[in-house]
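The values are calculated or read from the model by the stated rules, or taken from the named source; none is laboratory data. The shown structure was predicted, so the numbers you read here are calculated from the model rather than taken from an experiment. Neighbour counts run over all protein chains shown; Cβ positions are idealised from the backbone, glycine included.
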Amino acid sequence: MPKQTDAEQRLRDLTLLRRVRDRIDREHAQPLNVEALARDVHMSAGHLSRQFRLAYGEPPYSYLMTRRIERAMALLRKGDLTVTEVCFAVGCQSLGTFSTRFTELVGVPPSVYQSQYANETVGIPTCVAKNVSRPIRNQEAWPPRQT
């Protein structure tokens with residue numbers, strides 16, 4: 001078997017990283033961890049984390065939590081579930097971790113978001129609402145509205 005060039009190896013790694021990202025997008029509510037994701041693409045957890053961060057700007061766990069928070073925002077806006085129910089529905093196992101991460105990304109706790117922003121996207125097409133309400137990564141939360 002001929003040795004792969006650096007460019008070929010990079011393309012192979014990007015393909016595997018895309019597979020990991022797609023799996024996180026699809027299965028964000030399932031119990032996922034970096035070790036299992038790495039094992040599925042035959043990488044070490046450390047290598048996957050470093051390469052994923054280089055490719056997508058954040059490590060896989062952070063990306064997973066962002067996906068979960070995006071889904072949580074949609075469920076909270078809908079308003080028919082409690083914060084605890086939303087926490088578990090999006091795959092989080094700890095209400096405290098969920099609330100902390102939600103507040104970091106969104107700028108307000110989930111209960112405040114649910115009460116203040118429940119009707120924020122009413123009448124907006126879902127594809128637009130998703131982009132408008134997407135949480136900001138890297139802890140750069142938007143300031144809460146003044147009422």
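If I filter the range 98-106 for residues that are loosely packed, with under 15 Cβ neighbours inside 10 Å, at pLDDT 90 or above and in a helix (DSSP H, G or I), do I get at least one hit?
yes
Return the only residue of R53, R21, R77 being touching a residue at least 40 places away in the same chain (Cβ under 8 Å), in a helix (DSSP H, G or I) and not assigned by TED's automatic domain parsing to the domain that holds Q116.
R21
Only one of these conditions is not met by C87: (1) closer than 28 Å to R18 by Cβ; (2) at pLDDT 95 or above; (3) not hydroxyl-bearing (S, T, Y). Which number is it?
Condition not satisfied by C87: (1).
Would you mention how many residues in the range 99-111 are touching a residue at least 24 places away in the same chain (Cβ under 8 Å) and either closer than 17 Å to E85 by Cβ or within 14 Å of the chain's Cα centre (by Cα) (or both)?
8
For R26, are the conditions met, namely being exposed (fewer than 13 other Cβ atoms within 10 Å of the Cβ) and not acidic (D, E)?
The answer is yes for R26.
Determine which single condition L48 fails, assuming it passes every other condition in (1) part of a helix (DSSP H, G or I); (2) under 15 Å from the mean Cα position of the chain (by Cα).
(2)
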